[in-house]
Amino acid sequence: EAQVTQNPRYLITVTGKKLTVTCSQNMNHEYMSWYRQDPGLGLRQIYYSMNVEVTDKGDVPEGYKVSRKEKRNFPLILESPSPNQTSLYFCASSRGRVHRSPLHFGNGTRLTVT
Amino acid sequence: QQQVKQSPQSLIVQKGGISIINCAYENTAFDYFPWYQQFPGKGPALLIAIRPDVSEKKEGRFTISFNKSAKQFSLHIMDSQPGDSATYFCAASIGAAGNKLTFGGGTRVLVKP
């Protein structure tokens, strides 16, 4: 089954404790992206990657890191999480540029930082 | 500052009624306008999309209307069903950039039986 898999689904952590949210897709998609979803703000892009070793900032990149060492994986790293990063996070992938190909989303990771 | 403004934030409609969600944008370079549907506990999924060379696109009970001069587009759900209860997001992107979708704030739709 074609899918985007994120882990974990739920994560509670404390301020400053480094964490990684994994994302993997099995569709051989070139494009991958991370979004955060907050009430009333919709989905805001954190980082995206057009291909292996090619990443770029989205609208809200502060406090986040990503890497794209393999085509299928695109982990999101929070080096020193803070409470304002409490949110619902989605990884997404697309066959190509998003104005031509639909985004396929994972089921989300709900992060709480205390 | 949101580049795509979506309204209303929530909507309750009776089964069989029409749900209407509106979006307005500022950037005239946007040239692709998709709508995504999200069920609780799931990620969004593409529902329907339109490009500015057409004023309307219909897929089943879902219709996008596009008004380029007003910089507005809307989603109409005809004959709304309880299974349509979900959060709907409008979005926009620029073809030349093609690497980012800018989303609206979302509309939670509840269809009452």
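The values are calculated or read from the model by the stated rules, or taken from the named source; none is laboratory data. Since the structure is predicted, the reported quantities are computational estimates derived from the model, not experimental observations. Cβ atoms come from the backbone with ideal geometry, glycine included; neighbour counts cover every protein chain shown.
Restricting attention to the stretch B:82-109, report how many residues are exposed (fewer than 14 other Cβ atoms within 10 Å of the Cβ) and modelled with pLDDT of 95 or more.
Residues meeting the conditions: 2.
If I go through the stretch B:1-16 residue by residue, how many of them are surrounded by 15 or more Cβ atoms within 10 Å (Cβ to Cβ) and not in a strand (DSSP E or B)?
Summing the residues that are surrounded by 15 or more Cβ atoms within 10 Å (Cβ to Cβ) and not in a strand (DSSP E or B) in the stretch B:1-16 gives 1.
From (1) within 14 Å of chain A (Cβ to nearest Cβ); (2) at pLDDT below 95; (3) in a loop (DSSP other than H, G, I, E, B), pick out the condition that doesn't hold for B:Ala49.
Tallying (1) within 14 Å of chain A (Cβ to nearest Cβ); (2) at pLDDT below 95; (3) in a loop (DSSP other than H, G, I, E, B), B:Ala49 fails exactly one: (3).
Among the listed residues A:Arg72, A:Arg110, identify the single one that is within 17 Å of A:Val4 (Cβ to Cβ), more than 13 Å from chain B (Cβ to nearest Cβ) and touching a strand residue (DSSP E or B) at 6+ places or on another chain (Cβ under 7 Å). I'd like the intermediate steps shown before the answer.
Working: A:Arg110 fails: more than 13 Å from chain B (Cβ to nearest Cβ).
Exactly one residue qualifies, and that residue is A:Arg72.
Taking the stretch B:21-34, which residues are surrounded by fewer than 18 Cβ atoms within 10 Å (Cβ to Cβ) and assigned to a strand (DSSP E or B)?
Correct list: B:Asn22 only.
Of the residues A:Met32, A:Met50, which is surrounded by fewer than 21 Cβ atoms within 10 Å (Cβ to Cβ), hydrophobic (A, V, I, L, M, F, W, C) and either touching a residue at least 40 places away in the same chain (Cβ under 8 Å) or within 12 Å of chain B (Cβ to nearest Cβ) (or both)?
When all the criteria are applied, what remains is A:Met50.
Can you tell me which of (1) under 22 Å from B:Gly95 (Cβ atoms); (2) surrounded by 17 or more Cβ atoms within 10 Å (Cβ to Cβ) is the one A:Gly96 doesn't meet?
Among (1) under 22 Å from B:Gly95 (Cβ atoms); (2) surrounded by 17 or more Cβ atoms within 10 Å (Cβ to Cβ), A:Gly96 violates only (2).
For the stretch B:52-88, which positions are assigned to a loop (DSSP other than H, G, I, E, B) and either closer than 24 Å to A:Ser94 by Cβ or under 10 Å from the mean Cα position of the chain (by Cα) (or both)?
Those that are assigned to a loop (DSSP other than H, G, I, E, B) and either closer than 24 Å to A:Ser94 by Cβ or under 10 Å from the mean Cα position of the chain (by Cα) (or both): B:Pro52, B:Asp53, B:Val54, B:Gly60.
Can you name the strands (runs of 3 or more DSSP E) wholly within the stretch A:1-95 that have at least 1 residues being touching a Phe, Trp or Tyr at 6+ places or on another chain (Cβ under 8 Å)? Reasoning before the result, please.
Numbers: elements: A:4-7, A:10-13, A:19-25, A:31-38, A:42-51, A:54-57, A:76-78, A:87-94.
Of the strands (runs of 3 or more DSSP E) lying wholly inside the stretch A:1-95, those with at least 1 residues that are touching a Phe, Trp or Tyr at 6+ places or on another chain (Cβ under 8 Å) span A:4-7, A:19-25, A:31-38, A:42-51, A:54-57, A:76-78, A:87-94.
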